[in-house]
Amino acid sequence: MRKPFHDHPFDQETKIKLEIFRLYVRAWLPVMLTRPADGRKPYTRANIFDFFAGPGRDLLGVPGSPLIVQEEIKAYCRTRGALKGNVTVRMVFNDIDEEKVSRLKETLGESLCPKDCCRYEFLNLPFEAALAMTLPSMRAWGEAKLVILDQCGVTEVTPATVKTLVDCGATDVLFFISSSFLRRFAAEPEMQTKFAIPPDLPKIEENDTIHRYICQHFRDELTGTGIVLAPFSLKKGPNVYGVIFASAHLKGLERFLSVCWKIDPHTGEANFNIEGDPAWAGQTLLFGDPVKPSKTDRFERDLLVFVADKSPTNPALYRFCLEQGFPAAKANESLRRMQKTGKLQVLNALDGDPARKGSFYLQEDELKAVFKAQKS
């Protein structure tokens, strides 16, 4: 019989997944634990829910998601000082395996913060029961929530689950899903009950892009809800799986995409060459070979079409860029190139005069610029 997952050393793909979790928690905490610069009321509590927590580390002591959460909160307090005012951090860890929960308590107890601003709760329940128990508190107004769903397989997290969580308000969700498994067994009754996907999916979608397809399925099922999603694909041998981010907030999406581009500086989307991009992993083209457009090339082409068609404001262009998988920092690189080559014109929204060169104001809430495509 195969040993439980955590009784083995984590493989490289699991470590990348955990690094995504770590970097997102690191980016999320300062936003949720500091007073907003625009005068909005700060959150009174930051809540982190890890519903498939495990024992906290692998066979070699490499931290799993609960220990990562604890480490990042402690690191935040060391660099920023103690949590301000009455803000607290609540961490809820659940696992269906009672022995894992017992080990997790010991693991986290080895390095507990001596201050009382962090609260720990441990549950030993099936996911649906744990979610039902915590939902009333997750709906608390004025509190920030980050939900980590590191399920084994595919069956626990569906579009309906994601909607339930995001509808709690101020909630970001990171969930793992074994997309190749879903592709392989798409015709099975259990899969058809939980996911409205074609039963002949293996013939429709290539395996390398299956995680991207599954993310799009979630988008389609959640159309009209205001929920934004983005994937990061992981490949081990023939199997492709990965993380999907979900939120009702574009700033959350930007944080996730920024993390993804740190992990994959070529496409911001995978630990393998999902795009067939010749620049990925140092590949070069042979003389005379046709040049395949990179993801950035296609983004710039589509962006120019969008600008020519819509003459968008900066908030509209910001959303477009994020939905194409490009956070503001990466999108600004493309906008600067397009402006330099005369393909793009940026005008002040108030008076129609040319905006300061290199200023694109990619943000959600303040109207500052209008974009025009330069006519050749």
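Throughout, read-outs are computed from the coordinates displayed, never taken from laboratory work. If you're wondering where the values come from, they're calculated on a predicted model, not measured in any experiment. Reconstructed Cβ throughout: ideal geometry from the backbone, glycine too, with neighbour counts over all protein chains shown.
So the values come out like this:
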item: Ellipticity estimate at 222 nm from DSSP helix runs (n ≥ 4, -39,500 (n - 2.57)) divided over the chain, nearest 500; result: -12500 deg cm²/dmol
item: Listed residues 174, 60, 123, most fluctuating in the chain (Gaussian network, C-alpha, under 10 Å); result: 60
item: Degrees separating the helix 127-138 axis from the principal Cα axis of the chain, which is the longest one; result: 70
item: Rounded to 5, the percent of DSSP beta bridges in the chain classed as antiparallel; result: 50
item: Descending semi-axes in Å of the chain, equivalent ellipsoid built from Cα gyration tensor; result: 36, 27, 19
item: FRET E, pair residue 151, residue 44, Förster distance 30 Å, beta-carbon r, rounded to 0.05; result: 0.50
item: Cα-based Kirkwood hydrodynamic radius, segment 223-276, one decimal, Å; result: 11.9
item: Projected-area average for segment 188-340 over all orientations - Cα convex hull basis, square nanometres; result: 11.5
item: Pairwise Cα inverse-distance average, inverted: Kirkwood Rh of segment 50-111 (Å); result: 12.5
item: Computed FRET value (nearest 0.05) for residue 15 with residue 337, which takes r as the C-beta separation and R₀ as 25 Å; result: 0.15
item: For segment 116-262, projected area of the alpha-carbon convex hull averaged over all directions, nm²; result: 10.3
item: Segment 86-161, Rg to Rh (Cα coordinates; Rh as Kirkwood inverse mean 1/r); result: 0.98
item: Semi-axis lengths (Å, descending) of the ellipsoid that matches the C-alpha gyration tensor of segment 67-201; result: 33, 17, 14
item: When each of 310/368; 15/115; 17/203; 262/340; 15/262 is checked by Cα-Cα distance, pairs over 18 Å; result: 15/115; 17/203; 262/340
item: Size-normalised alpha-carbon gyration radius of segment 192-249, reference 2.2 N^0.38 Å; result: 1.19
item: Cleavage-rule hits, trypsin sites (Lys or Arg not before Pro), segment 174-261, DSSP coil, Cβ neighbours within 10 Å at most 13; result: none
item: Projected label distance in nm at residue 363 and residue 163, using a 7 Å step from Cα toward the beta-carbon; result: 3.4
